[in-house]
Amino acid sequence: MGEDSESPKINHSFLRDYVTEADVISTVEFNQTGDLLATGDKGGRVVIFQRETESKDESEELGESGEYNVYSTFQSHEPDFDYLKSLEIEEKINKIRWLPQQNAAHFLLSTNDKTIKLWKVSERDKRPEGYNLKDEEGRIKDISTVTSLRVPVLKPTDLMVEVRPRRIFANGHTYHVNSISVNSDGETYLSADDLRINMWHLDITDRSFNIVDIKPANMEDLTEVITAAEFHPQHCHLFVYSSSKGTLRLCDMRESALCDKHSKIFEEPEDPGNRSFFSEIISSVSDVKFSHSGRYLLTRDYLTVKVWDLNMEKGPVETYQVHEYLRSKLCSLYENDCIFDKFECVWNSTDSVIMTGAYNSFFRMFDRETGRGVTLESWRESSKPRAVLRTRRIYTGGRRRRGDVGVDSLDFTKKILHMAWHPAENIIAIAATNNLYIFQDRVNAENLKT
Amino acid sequence: MFSKGTKRKFSDGGEEISDESLLGARVASSYSLQRQSLLDMSLIKLQLCHMLVEPNLCRSVLIANTVRQIQEEMTHDGSWHMVTEAFCSAGQSPSERLVATEVLCRSREQDAEPKLFSVISYEGCREEEVVADETLCSVSVSDTVSNVCLAGRMGQCWEKSELSGVERDEEALEDSRLGSGEDEEIDTEDGASTESPKTIGQVFGTFEIKNGSPGPDSALEELFSDVDTSYYDLDTMLTGMQSAPKMGPYDLLDSLAPSHSSPSIVSTPNCRSDLNELDHIMEIIVGS
C-alpha cells in the first residue's frame, strides 16, 4: 500500500542540523480541494504551500501530480501575557482549519491556546495603471499637466499573496483551546478547550455561544477534560467531543441550548485483564475525526486507533494496534511524559484507509478492508526525494529480519503527532518536528492492493 | 524506575510471611514498591509546573486521577491506614505538617522512602531539570541539607513548615527544625506555623483576586467579582494548598510536600511579586 509511494520532500527549516523550538510544526491541514496545505508551528507562524499545476507539455504518467511549494508565510499569533495570572500565553498554533472556498480568496482559522483568528489569503497579480491624478509612483500630479483623460487599465504584475486578519475571536476561553471545527452550514464554527465548547459565528467576534460546559462546581471534583471536538461533516446540528476518560459524546444542538447532556455516548468497557494504573491515561482520546461519509468516527488513544459506527455505542467496530509493544513500557513512558503525547489520526479520501503517527519517526497506515497495517518512516536520512518508501518493522520477538528496529532503540523524541491526508488523492503530509514530508502515491489505482 | 544507591528495607512489617512461598511475598512487596514509586512520581509531576506557562490541565487531571486511584487501592490494602493514622495522631495543628511528615518518614521504614521530596522547590522550574537528570528517586541527602540551609539564609517569606516537608530522613529533619528557629525573625507574613495554611494561602493569594483583606480591597473584589477564579482554585488544589484537611490525592500532596506548591508557580522573591501584582491590578483599575 505504501510501498510504492514516491516522496518529494520539503524542508522549510533553513538551519538543517539545528532545530529551533519555534520551528516545530504543530499542525498540518489541507484545504477542501487539496491545492493548499497549511502548517502552523510553535513560533506562531503559518506557512501555506500550494500545489503546482501540472504542465501540459510534459508527458504524464497516470497519477502524475504537481509538487507543493511555499505560497505564503505569515505570523499568525504573537506571544502574549496574561497579566492577571502572570502567565505567558504561548503563540504555538494548535489547529488550523480552512473554510470552504466561496470566492477567489481563501480563508482559514488558526488558533493558539486562547485566541482564534480568521485570515484571508488573497492573490494580487494585476495592478491598475494609468491614473489621471497620480503618477506611476503614486505622487499627486500637477493638475495643469493633465491634458486628456484616460481610463486606468489593469496590467499583470508579479504574483503577490496578501494575508490579512479579518476576525479575531478573543476572550472566549479560560482554558487551552485544543480544537476548532468549521460547521457544514458555512457560517459557524466551534472551538473547544479543556472544559468548554463554544460556538461562534464567523462574522461575530464579540460573542460566542457556550454549548458544552463540563466544569464542575468545585474544581477539586474535576476528573475529566475535553480533548477534541468536531462538527459532523454533513449535519450542521451534530458534533462530537472526546474526553480524557476515553469516552465520545455525540451531541445534537436541536435538543437543547446547552449540550451537556449527550445524545449518544460511545464508550468501550474496560478489559479487566489489561487493567493497570495507566489504564485511564492510555484510554484518553487524543484525536477524533468523522469519516467523510459521516457514518463513522475515528479515535486515537495512546496505543490504538479505533473506528466507531455512529449507530453503535457500546464499542468500536474496528480496533487497530499502533504500537502494542509499548504496553510493557508504560511506566517508563509515564516517567518521561511520553504517555501524554497526543497523536492525531486521519482518514483517506474514501474512508478505506486510516493513518496515525508513532515514535521513531514512524507512522502507521491501516487498510480497513484487509485489516492489515504497515509501518512507514519519515526521516530525512533514510529517504531521498522521489525515493520509494519502504515499510519498517519493529522487532518484538521471533525471527529478526535485517532492518528491524528493536523496541529499546526507538527514539521517543522523534514523534509523528501531526499529519493530514489530501481530501481527494493519495497524498499525505507528515510533520516530523520541524520538517514537513509530503508523500504521493504514484501507483495506478488498480495496483493499490499489494 | 527504582533509584540507585538508596537503602531499601525489605518490607515484612504488615505482610504475612506464612507458609506461602517467599516468591509470593516478594511479588507482593515489589508490587507495593512499584505502586509507591508510581505514587511518588505522580506527586512530583503534579508539583512541577512551568514557571511562566500554564500547566497542561489534561495532564494534571490524568496524573491526579492516577494518584487518586493508587490512594484508593492503598486504602483497600490497608497501607493507607497508616498514613491516615499519622494524620490523626498529629494532634494540634501548629506543627501538624511537621509531625505528619515526620511520622510519615518514620512509617516509611517498611515501605519505600519518600526520596522524591528532597527537592526544594523554590528553585521553581529548575526543579524539573534536577529531577529529570537523575532517576526520579536519587536526589542525595546532602543536597537536601544544603538546600535547607540555603532556605534559612535566604530568609524568604516561606513558612518553615513548608521546608520541613522535604526531609528524607530524620537527620535532615532535625536540621530543618533548627532552621525553623531562624525563621521566627520573618515577620512579613504570619510567622507561626499555626496559621501556615492561611499564610501560604495569602502568599499564594496573589492569584486569587478575591482573597483580599476587607477595606480598600472590597472595591477590588467587586470589580473582579465576575472574573473566573476557578482556575486559581485548581492551581491551589493541585499544589496542595487546601486549608481544609481531608484525605484526598491533593492532601497527600499537601502532607508530603507542602512547600512545593507556591514556588512552582510564583517566582521568588514572593513578596515583591505580590506588590507587582497589586500594581498591575491598580493600573488596570485606574486606567479604565
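Across peptide A:171-177, how many C-beta atoms of other chains are within 10 Å of each residue C-beta, on average?
2
Unpaired cysteine residues in chain A (no second Cys Cβ under 4.7 Å): A:Cys236, A:Cys331, A:Cys338, A:Cys345.
Which order do peptides A:107-116, A:94-103, A:310-319 fall in by mean Cβ count within 10 Å, highest first?
So the peptides A:107-116, A:94-103, A:310-319, ranked by packing, come out A:107-116, A:94-103, A:310-319.
Taking every residue in B:68-77 and counting other chain Cβ atoms within 10 Å of its Cβ, the average works out to 1.
For the listed residue pairs A:Lys289/A:Lys329; A:Lys114/A:Lys329; A:Lys215/A:Lys264; A:Lys114/A:Lys342, the alpha carbons are over 24 angstrom apart in A:Lys289/A:Lys329; A:Lys114/A:Lys329. When both region A:67-111 and region A:139-162 are represented by their alpha-carbon centers, they are found 35 Å apart.
Counting only other chain Cβ atoms within 10 Å of each residue's Cβ, the peptide A:221-229 averages 3. Across chain A, Cα pairs under 8 Å and at least six residues apart give a relative contact order of 16 percent.
Pairs of Cα atoms nearer than 8 Å and 6+ residues apart set the relative contact order; for region A:223-366 it is 17 percent. When each of the peptides A:430-440, A:207-217, A:268-278 is scored by how many other beta carbons lie within 10 Å of its residues on average, the order from highest to lowest is A:430-440, A:207-217, A:268-278.
Read the figures in this text as sums done on the coordinates, not as results from a lab. Just so we're clear, the structure is a prediction, and the values are computed from it rather than from any experiment. Because the Cβ atoms are built from the backbone with ideal geometry, glycine has one as well, and the counts that use them run over all protein chains shown.
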